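Below is one structure, written out as structure tokens; the observations come after it.
Nothing in this text is a laboratory measurement; each read-out follows from the coordinates by a stated rule. Keep in mind that this is a model prediction, so the values were computed, not measured. Note: ideal-geometry Cβ built from the backbone for every residue, glycine included; neighbour counts use all protein chains shown.
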Amino acid sequence: GDSVTQMEGPVTLSEEAFLTINCTYTATGYPSLFWYVQYPGEGLQLLLKATKADDKGSNKGFEATYRKETTSFHLEKGSVQVSDSAVYFCALSDQGGADGLTFGKGTHLIIQP
Amino acid sequence: SAVISQKPSRDICQRGTSLTIQCQVDSQVTMMFWYRQQPGQSLTLIATANQGSEATYESGFVIDKFPISRPNLTFSTLTVSNMSPEDSSIYLCSAGETSAGVFGSGTQLSVL
């Protein structure tokens with residue numbers, strides 16, 4: 001079945017550091033890929049998405065590129081802020097979005113001033 | 001995008017009892033899903049709530065334990081039946097035109 005593997009945290013960085021959170025996937029078809037974020041005390045929010053190979057999703061300074069050859073969707077940000085501290089989940093949806101999401105375990109990101 | 005109201009936000013229940021969680025969306029949506037997030041774990045899909053028909057359950061989840069209703073395009077309920085401490089989790093609903101919809105704020109369930 002489908003699965004998502006992402007680096008486990010916590011990941012601790014200083015403000016303005018470069019961020020990479022790795023995510024790889026296994027899927028039977030051609031999935032859509034997502035990053036969700038959960039800020040402290042808040043619900044899960046869609047951060048960005050990509051629906052086909054080589055697509056780049058971007059939002060709030062975060063980017064991720066759908067790499068079919070390496071089955072990866074790594075999340076990057078050039079300069080993180082304290083306000084980026086949150087739990088980040090990589091997820092995929094197979095069957096053209098008709099199925100529910102398969103999530104990775106989540107990465108807790110802590111940004112120190 | 002749609003806004004979801006999920007309630008209760010938390011509850012503490014005795015083993016053997018049942019709890020029904022409600023998910024109300026402020027607009028009609030095609031798809032609604034129910035997830036479980038066990039302590040320290042990721043989100044796991046329980047089922048797809050189908051409007052006017054029986055829910056579609058994922059492997060490891062059965063209707064007798066997690067009955068789901070979806071009477072219309074804006075509302076769904078999940079019941080956790082005959083609860084045990086292993087059911088202590090956060091339960092979340094999601095809604096949208098595809099699976100990548102918005103999420104409710106979750107129901108934190110503790111079973112004693």
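Annotations for the structure displayed:
- Sole residue being over 17 Å from residue A:94 (Cα atoms), free of Cβ contacts under 8 Å to residues at least 24 places away in the same chain and within 14 Å of the chain's Cα centre (by Cα), chosen from A:8, A:42, A:63: A:63
- All positions within the range B:57-112 that are in contact with a strand residue (DSSP E or B) (Cβ under 9 Å, 6 or more places away or on another chain), at positive phi and surrounded by fewer than 17 Cβ atoms within 10 Å (Cβ to Cβ): B:60
Conditions (1) acidic (Asp, Glu); (2) over 25 Å from residue B:93 (Cβ atoms), marked per residue:
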residue	(1), (2)
A:48	no, no
A:59	no, no
A:63	yes, yes
A:67	no, yes
A:109	no, yes
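- Scan the range A:59-71 for residues that are assigned to a strand (DSSP E or B) and surrounded by 15 or more Cβ atoms within 10 Å (Cβ to Cβ) and the total you get is 5.
- When residue B:40 is tested against the conditions (1) exposed (fewer than 12 other Cβ atoms within 10 Å of the Cβ); (2) touching a Lys or Arg at 6+ places or on another chain (Cβ under 8 Å), the lone failure is (2).
- Qualifying residue in the range B:55-69 (condition: touching a Phe, Trp or Tyr at 6+ places or on another chain (Cβ under 6 Å) and either touching a residue at least 60 places away in the same chain (Cβ under 8 Å) or not in a loop (DSSP other than H, G, I, E, B) (or both)): no
- Every listed requirement among (1) surrounded by 17 or more Cβ atoms within 10 Å (Cβ to Cβ); (2) assigned to a loop (DSSP other than H, G, I, E, B); (3) more than 12 Å from every other protein chain (Cβ to nearest Cβ) is met by residue A:29 save one, (1).
- All positions within the range B:90-112 that are in a strand (DSSP E or B) and more than 11 Å from chain A (Cβ to nearest Cβ): B:91, B:95, B:107, B:108, B:109, B:110, B:111
- Condition check for residue B:99: within 20 Å of residue A:89 (Cβ to Cβ), in contact (Cβ under 8 Å) with a residue 40 or more places away in the chain and touching a Phe, Trp or Tyr at 6+ places or on another chain (Cβ under 7 Å): yes
- Hits in the range B:43-56 - residues which are under 19 Å from residue A:92 (Cβ atoms) and surrounded by 16 or more Cβ atoms within 10 Å (Cβ to Cβ): B:43, B:44, B:45, B:46, B:47, B:48
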